[in-house]
Amino acid sequence: MSSIVILARASTKHQGKDGLGIKAQLHACRSFAERHHLNIVDTFIEVGSGMAIHRPVLSKAMEVCRSSGATLCVSALSRLSRKVSYIASLLDDDIKFYNVEWGMRDVGKFEISIHAAFCEMEASRISIRTKTGLARSTKRLGNPNPEYALRCANTARSRLADEWCAYVFDIITELRTTGVKRHVDLAKYLNIRGIRTRRGSLFSATTVGRAIRRQRTLAMSNPATRSP
């Protein structure tokens, strides 16, 4: 029987104290272990920012993984880290982990990197919303210029979505050359291959159609992008 070490993380002491989010994370990981017959070696609860580099609790959890031969398990990629460079370092070191949201499917480095970029971008957006809310209250944090920061975040999000769409569209094009034409059939084969939507869901005929339309829109605005 394979083994796992569970890591649950909350960003603030308040969340860590009252269990906000922690209970749900632990329940998700434990249910995952039960479904897939995984032995739970240990459980760690971390309170701190997902953007932090110094992560003593995570380091301890990984030490237990190395000594016991277990695999780290988190309920979502953002619970592991919201920093692209940190997740990239784990991938470079060939460190394996389970993400409950992805199940047992084999997820490639490219897909993990895309999801990591979205996690980091969401962290920036959370920071912007927090600063904006405080700026509107009696507290003052100077001039964070939230409108400009929000525009930058939206631009980055759109760029990442375009890159993800191009990645999926290349696979759709490959499937079409084999005779798979209908959107419902394309969705079926994408799901069989373990490809998921940008939000981690299964593909449907509707989401396949959206991806194709988005890529064609990009192709019209960029002549270098080809669309069948």
Flag if C165 is at pLDDT 80 or above and in a helix (DSSP H, G or I): yes
Count of the stretch 188-202 residues which are farther than 17 Å from D162 by Cα and part of a loop (DSSP other than H, G, I, E, B): 4
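Given the stretch 1-103, what helices (runs of 4 or more DSSP H) lie entirely inside it while holding 3 or more residues that are touching a residue at least 60 places away in the same chain (Cβ under 8 Å)?
Of the helices (runs of 4 or more DSSP H) lying wholly inside the stretch 1-103, those with at least 3 residues that are touching a residue at least 60 places away in the same chain (Cβ under 8 Å) span 22-35.
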Check on D170, over 17 Å from W102 (Cβ atoms) and modelled with pLDDT under 90: yes
Some residue of the stretch 15-36 being small (G, A, S), at pLDDT below 95, closer than 19 Å to E122 by Cβ and crowded, with 20+ Cβ neighbours inside 10 Å: no
Flag for E120 being modelled with pLDDT under 80, of a type in the set (D, E) and closer than 30 Å to V168 by Cβ: yes
Options K109, K60, K96; residue that is surrounded by fewer than 17 Cβ atoms within 10 Å (Cβ to Cβ) and in contact with a Phe, Trp or Tyr (Cβ under 7 Å, 6 or more places away or on another chain): K60
Residue that is nearest to the chain's Cα centre (by Cα) [pool: residues in the stretch 156-199 that are of a type in the set (V, I, T) and farther than 16 Å from R214 by Cβ]: I192
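The values are calculated or read from the model by the stated rules, or taken from the named source; none is laboratory data. Note that the coordinates shown come from a computational prediction; the quantities given were computed from them, not determined experimentally. Neighbour counts are summed over all protein chains in view; Cβ atoms, including those assigned to glycine, are modelled from backbone coordinates with ideal geometry.
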